[in-house]
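Asker: Mind having a look at this structure? Questions to follow.
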Amino acid sequence: MEAKIEERMKRIVPDGRAMILAYDQGFEHGPRDFLEHPESVNPEYILDIAKRGKFTGIVLHAGLAEKYQTEIRDSNVPLILKLNGTSELYTEEDPYSPQLYAVDDALELGATAVGYTVYTGSKYEDEMQKEFSKIIRDAHSKGIPVIGWMYPRGKSLFDRRSASRTLKIALEEQERMGQAIDETPSVVAYGARIGLELGADIVKVKYTNSPESFRWVVQSAFPTKVVMSGGPMTRTDEEFLSRVRDVLNAGAVGIAVGRNIWQRKDPLAVSKKLYDIIFDSVNHHS
Ligand code: FBP
């Protein structure tokens, strides 16, 4: 099975680099994410970007994966099936994202890998960790690599009187670096580490806003590979691209992003720049 996992990993991370297009936001955030660039509401438009932009994976929920099976197959872009999800209409401070599909569904839909979100720090983190660990065992026994969306989230993160040592350090970092608690290096590195300990092949995490601190995240996850999550569209292409350069310099294998591509007026132009940064730097180093 290990050989199968490796073979599939090579499709998603060719030359040790990943450029993954995320398109599960219609579920996670709702169609409001498509208003910025309304063509993005159409899955065919996104699949075309994935193909022509030379992405190494596309993240979808099962509904789209099923309806667009032919197009996905023809595009040759590896499918990453997201196995859990939750809508933003559900606003409890401690989020839970339940498993909706199984590894077997992913296999049936021809997926190359599966993905799952764990909200580390949520009251329900143990539920998600349990589901995720079972998914990993199942996927690995069937030769499928697994990507963990390791997102710190929940009320505890904002509890200034928390007894957690990590949160105390994170609060210091927040003060010193002036950044959101869920982007502090300690908290992000902890999520990445949990991904490694549970057995994920790749973890997808938020950027910690400096290459130095992101290096610690990458080290904490090693040998699990790290990709950066995109977040809301940045003001300029350059702002986004410079983050990408930073995380690659910090040892990440690439990115798994959505809005920073398909909310832009010219998604293919930014994809091309992205490709050059991600893959040219490989050629440069080899
Ligand atoms: P973006 O690049 O658009 O941020 O997408 C990455 C992603 O992880 C999606 O896969 C997911 O739908 C979304 O972010 C979750 O965002 P949030 O952090 O708001 O829950």
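Asker: Take the alpha-carbon centre of the stretch 95-137, take the same for the stretch 8-30, and report the distance between them in whole Å.
Answerer: Their Cα centres are 16 Å away from one another.
Asker: Tell me, in nm to one decimal, what length is gained between E36 and L107 on full extension, where the rule is 0.36 nm per residue of separation less the Cα-Cα distance?
Answerer: 22.2 nm
Asker: Return the calculated 222 nm mean residue ellipticity for the chain, to the nearest 500 deg cm²/dmol, obtained by summing -39500 (n - 2.57) across DSSP H runs with n ≥ 4 and dividing by the residue count.
Answerer: -14000 deg cm²/dmol
Asker: In the stretch 53-91, which GluC sites (Glu not before Pro) fall in coil by DSSP and have 15 or fewer other Cβ atoms within 10 Å?
Answerer: Here the GluC sites (Glu not before Pro) that fit, given the DSSP loop and packing criteria, are E88.
Asker: Let me ask something else about it. Taking N as the number of residues in the stretch 200-286, what is its Cα Rg relative to 2.2 N^0.38 Å?
Answerer: Against the compact-globule rule of thumb, the ratio is 1.05.
Asker: Using 0.36 nm times the number of residues separating E6 and T234, minus their current alpha carbon distance, what extension gain do you get?
Answerer: So the chain would gain 78.7 nm between E6 and T234.
Asker: Fully extended, how many nm does the chain gain between Q69 and K123 (0.36 nm per residue separation, minus their Cα-Cα distance)?
Answerer: 15.8 nm
Asker: A further question on this structure: Please compute the Cα-Cα pair-distance distribution of the stretch 1-143 with 5 Å bins starting at 0, giving whole percents from short to long.
Answerer: 2, 10, 18, 20, 21, 16, 10, 4, 0
Asker: Between L100 and K273, what's the calculated FRET efficiency when r is the beta-carbon distance and R0 is 45 Å? Round to 0.05.
Answerer: 0.85
Asker: Return the Rg/Rh value of the chain, two decimal places, where both radii are evaluated on C-alpha atoms and Rh is the Kirkwood radius.
Answerer: Taking Rg over the Kirkwood Rh, I get 0.94.
Asker: Tell me, what HN-Hα J-couplings in whole Hz come from the Karplus equation 6.51 cos²θ - 1.76 cosθ + 1.60 at θ = phi - 60° for each residue of the stretch 257-263, using x for Gly and Pro?
Answerer: Working through the residues one at a time gives 9, x, 4, 5, 9, 7, 8 Hz.
Asker: Tell me, what is a quarter of the convex hull surface for the C-alpha atoms of the stretch 103-157, in nm² with one decimal?
Answerer: Answer in nm², one decimal: 3.6.
Computed from the coordinates by the stated procedures, all read-outs in this text should not be read as laboratory data. A quick note: this is a predicted structure, and the numbers were derived from the prediction, not measured. Cβ coordinates were reconstructed from backbone atoms using ideal geometry, including for glycine residues, and neighbour counts include every protein chain displayed.
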